[in-house]
Amino acid sequence: MSRWFSKRRLGAGWRRVSPLDRIVLAILVVSLAWRILAAFVAPLPLRTLAGFIAAGAFVFFLFRLIVWIRAHLLWRLRNRLIVAYVLLAVVPLVLVASMVGVASYLLYLQIGAHLIRDELNQRIVTIAADTDAITGAIEREIEQGADPRDRSALLARPRVAGLIAALKTEWPGLLVLPSAAQNLLQTAGKNNASGVDNFRGLVEYRNRLSFAAAQSRDLSQGSINLLVVAPLNSSTLDRFAPELGPIQLTLLTPASESSPERQVVLGKYVAGQIISSRNRTLPPAAHWFDFPVHGLSTFEAIHVERGASGGSPAPVLVAFSLRSFAVSRNLLSSVGDIGPRLVEIIIAVAAVFLAIEIIALITGIILTRTITGAVADLYEATLRVRRGDFTYRVHRKHRDQLAALGDSFNEMTASISELIEDQRQHQRLENEVSIAREVQRQLFPRELPSVPGLQLAAICRPARIVSGDYYDFIRLGPTRVAMALADISGKGISAALLMASLQAALRSAAVLDGDGSTAPLVARLNQHLFRNSSDDRYATLFYAVYDTESKLLTYTNAGHLAPFFIFDGKAQSLDEGGTVVGLFENSEYRQRTISVSPGSILVAFSDGLTEPQNVYGEEFGVNRLRDEVLRQAKIPVRALAEDLIATTEQWAGTPEQADDITVVVARMD
C-alpha cells in the first residue's frame, strides 16, 4: 500500500493536476468543512450560494473522475472487458433482481394492507350487527308500548340495557348515542330501496379513532335514530391476524399555520391519536430468504362530532411489519396440498437459474482471461519486437481466432526476421560489390596516355554496380600506345573477376611484347583465359597498337563488334582477327596493319551501344551508329563519345540500361 501512496507518488500526482482541478478540489473541501460547522456549531450565512457552488464543483469533479477512469483504469483491455461484462450481464441481472425485489415488496405491502383492512372490516361488520341488535331491541320495546320520544328510558329498559352491557364486555368503552346519527347518515347516504338508513365504518369521535355504526328506522309510532361508537385500542390491534407483526395507527388532522414544522406528516397533516399494538412481535425468520417487510398505508375515517354536521374525512396512517414467508405460507394454504409442491417447484427453478448464472459467470471469467491473456501476450510480443527481438514467439494453447492471430504474428515476426537477415546479407553483398566496384575502377586507366599526335577518350557505363566491359590504354614506348576494348560474357561479379584476370594478363603481355604485334599477344591471352576460367566463360576483345611516328595502326579483333575507322569521310570496319578469347585453347588469330592519314578516327564500342530498342522493338544498330559517327566526326573525341551514348539513350527513350555501354575514341593526327 505504501508504494501507491508514497510522498513521491503523491507529489507527482499533485503536479499533474491542473489549476482548475485544484480550485474545484479546494471548493469541495471548504464546502465539507462548511457543512460540518453548520451541523455542529451554528448555521452559517450564504448557505444557498455555497450549496450552489458546491453542487457545480461536485458535478465538475464527477466529470473529471469519469474522464480519469476512462483514460487510466479502462486503458487495459481486461478492465474494459470486465466493465462490458458487468454492463451486459451483471447490471441486467441486478436490475431484474431489483425489479423482482421491488415487485415483491409492493406485493407484500398490498397483502399487509389488505390483511389490516380485512381485520378492520370484520370488526366493522360486527359493530354494525351489534348496532342492528340494539336497534331491534329498541324497536320491540316501542312496539310493546314504550314511549319512542323518551330516549333515555328506552336505553334503560331491561332488555336493551342488558344487551348493551353484554356488548360492552366485548367493546370496552362502547357508547350508544340515540338521536346522534342523523347528520352522519345524511353524509354517508341513504338506502331508499329498503327504507333503512345505515352507516358502518371508522370514525373520529372526540379525537379518538373508533368503530361506528349508525341506523335510522321509521316506525308507525315514530322513528329510531341510533349511533353506536366503539373505540379502537391496542387490544384490538393485538387480536389481528397472526401473520402481521407490530401495527401502529396514527390519526391525522389537518395542519395549521401554527403547527410546528417538524410534526407535519405527508405535507399537510399533523399526528393526532397514536394507537400501537402492545403484544405483537415480528416472528423470527424461517430461513435466510424470509425477509421482513415494513410498510405504510392510509385509509380514511369520517369525522363525527355530536350535534355537529360531521362527515368530513379524517385520514389514518397505518404502519405495519410482516414476514414474507408467513404471508406466503398463508396464501399457499388456500390451494391445499398443492402449496408445498409449488414451493418446491419455485425453489428448484431458482436453483437451476442460480446454477446457470454461476456457470455463465465462470465461463465469462474464463473467456475474459483467455482474451486478455492472448492480448497481453501479443502486447508483450510487440514490445519485444519494438526492442528488436524478433525471436520471441506467442504461445497459445487454445485453437481459436486469437490463437490464429498469435500464429499470424509469429509468422510475421519470422518473415520480418528473415527479411532483416536478407537485408543484412544484401547490405553485406552491396558492400562487397561496392568494394569490387572500387577495385574495378582502379583497373581502368586513371589517366589517359599523353602522346603527341594522338587524342584519346573513353566512357564506360555499367548496367549494374560492376561492369563486364573493359577498356585500357597502355603506353608501350615514346611513340606507341596500345588500345584494348573487351566485353566479358555475363554480368556482375563473375564478369568483373574475369575482367580483372584479363586486365592483369593483358598488361603483363603488352609490357613483354617488344615489336608491337597484336596477334601473338591475343593468342597468349586466349590460352591464359582458357586455362584459368570455366568452360562457359569467354570474352570478345579488340586490341590495337598505334605508332605515332610511323603512322601505322596494327590491330586484332577477337570476336568483338568491328570498330569504325574513319578517314576521308569514309568508315571502315576493323574485323580482322579471329574468334573470342577463352573459349578454345588453340585458336589462331590474325593481325592487320593500316596506314593512318592525318585526322583519322578510331571508334570502338561494346554491344550495349547498338542493341538498345525503341518502343517498336527496333534496335539502334550498327548502321545508325556509323551514320552518327560520320555526322559528328569533327567534334572533340570526348564530346563524340558522349554524343554517341546520348543518341542511343534517346533512341531507347529510357535511361534504364539492359547492358554495359563502353565507347573508346581515338583521333590520330
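The values are calculated or read from the model by the stated rules, or taken from the named source; none is laboratory data. The model shown is predicted, which means the values in this text are computed figures rather than measured ones. We place every Cβ from the backbone using ideal geometry, glycine too, and count neighbours over all the protein chains shown.
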_Of all residues in the stretch 316-349 being exposed (fewer than 12 other Cβ atoms within 10 Å of the Cβ) and modelled with pLDDT of 80 or more, the one that is nearest to the chain's Cα centre (by Cα)_ = VAL349
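In this structure, does VAL603 turn out to be closer than 20 Å to TYR471 by Cβ and either in contact (Cβ under 8 Å) with a residue 24 or more places away in the chain or outside any helix (DSSP H, G or I) (or both)? Steps first, answer last, please.
Details: closer than 20 Å to TYR471 by Cβ: yes; either in contact (Cβ under 8 Å) with a residue 24 or more places away in the chain or outside any helix (DSSP H, G or I) (or both): yes.
The answer is yes for VAL603.
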*Scan the stretch 234-245 for residues that are out of contact with any helix residue (DSSP H, G or I) (no Cβ under 6 Å at 6 or more places or on another chain) and surrounded by fewer than 18 Cβ atoms within 10 Å (Cβ to Cβ) and report the count.*
5
*Selection within the stretch 501-523 - assigned to a helix (DSSP H, G or I) and surrounded by fewer than 17 Cβ atoms within 10 Å (Cβ to Cβ)*: ALA504, ARG507, SER508, VAL511, LEU512, PRO520
*What do you reckon, is GLY617 assigned to a helix (DSSP H, G or I), at pLDDT below 90 and not β-branched (Val, Ile, Thr)?*
no
*Evaluate the stretch 266-287: report whether one residue or more is closer than 25 Å to ARG200 by Cα, hydrophobic (A, V, I, L, M, F, W, C) and modelled with pLDDT of 90 or more.*
yes
*For the stretch 138-154, name all the residues that are outside any loop (DSSP other than H, G, I, E, B) and either in contact with a strand residue (DSSP E or B) (Cβ under 9 Å, 6 or more places away or on another chain) or closer than 24 Å to VAL203 by Cα (or both).*
ILE138, GLU139, ILE142, ARG151, SER152, LEU154
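Report whether or not THR654 is in a loop (DSSP other than H, G, I, E, B) and among the polar types (S, T, N, Q).
Judged against the criteria, THR654 is a match.
Listed here are the residues, each with its yes/no results for (1) in contact (Cβ under 8 Å) with a residue 12 or more places away in the chain; (2) more than 29 Å from ILE594 (Cβ to Cβ).
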{"residue": "ALA504", "(1), (2)": "no, no"}
{"residue": "ARG507", "(1), (2)": "yes, no"}
{"residue": "VAL511", "(1), (2)": "yes, no"}
{"residue": "ASP515", "(1), (2)": "no, no"}
{"residue": "VAL522", "(1), (2)": "yes, no"}
{"residue": "SER533", "(1), (2)": "yes, yes"}
{"residue": "THR540", "(1), (2)": "yes, no"}
*asked:* If ARG590 satisfies all but one of (1) farther than 15 Å from ASP487 by Cβ; (2) surrounded by 20 or more Cβ atoms within 10 Å (Cβ to Cβ); (3) not polar (S, T, N, Q), what's the number of the condition it fails?
replied: (2)
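Of ASP547, ASP575, ASP535, ASP513, which residue is touching a strand residue (DSSP E or B) at 6+ places or on another chain (Cβ under 6 Å), of a type in the set (Asp, Glu) and more than 22 Å from LEU630 (Cα to Cα)? Break it down stepwise before answering.
Working: ASP575 fails: more than 22 Å from LEU630 (Cα to Cα); ASP535 fails: touching a strand residue (DSSP E or B) at 6+ places or on another chain (Cβ under 6 Å); ASP513 fails: touching a strand residue (DSSP E or B) at 6+ places or on another chain (Cβ under 6 Å).
Exactly one of ASP547, ASP575, ASP535, ASP513 is touching a strand residue (DSSP E or B) at 6+ places or on another chain (Cβ under 6 Å), of a type in the set (Asp, Glu) and more than 22 Å from LEU630 (Cα to Cα), namely ASP547.
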*Exclusive hit being without any contact (Cβ under 8 Å) to a residue 60 or more places away in the chain and either touching a Cys at 6+ places or on another chain (Cβ under 7 Å) or surrounded by 13 or more Cβ atoms within 10 Å (Cβ to Cβ) (or both), set LEU87, LEU120, LEU107*: LEU107
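State yes or no: is ARG624 part of a helix (DSSP H, G or I), modelled with pLDDT of 90 or more and over 30 Å from GLU549 (Cβ atoms)? Don't jump to the end; show me each part of the working.
Values: part of a helix (DSSP H, G or I): yes; modelled with pLDDT of 90 or more: yes; over 30 Å from GLU549 (Cβ atoms): yes.
Considered against the rule, which asks whether it is part of a helix (DSSP H, G or I), modelled with pLDDT of 90 or more and over 30 Å from GLU549 (Cβ atoms), ARG624 comes out as yes.
Restricting the search to the stretch 203-254, which residues are hydroxyl-bearing (Ser, Thr, Tyr) and either at pLDDT below 90 or closer than 27 Å to ASP290 by Cβ (or both)? Step through it out loud before you land on a result.
Pass one, the stretch 203-254, residues hydroxyl-bearing (Ser, Thr, Tyr): 205, 210, 216, 220, 223, 234-236, 250, 253.
Residues satisfying the conditions are TYR205, SER216, SER220, SER223, SER234, THR253.
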*Which residue, of ALA414, ALA457, is of a type outside the set (Val, Ile, Thr) and under 30 Å from THR518 (Cα atoms)?*
ALA457
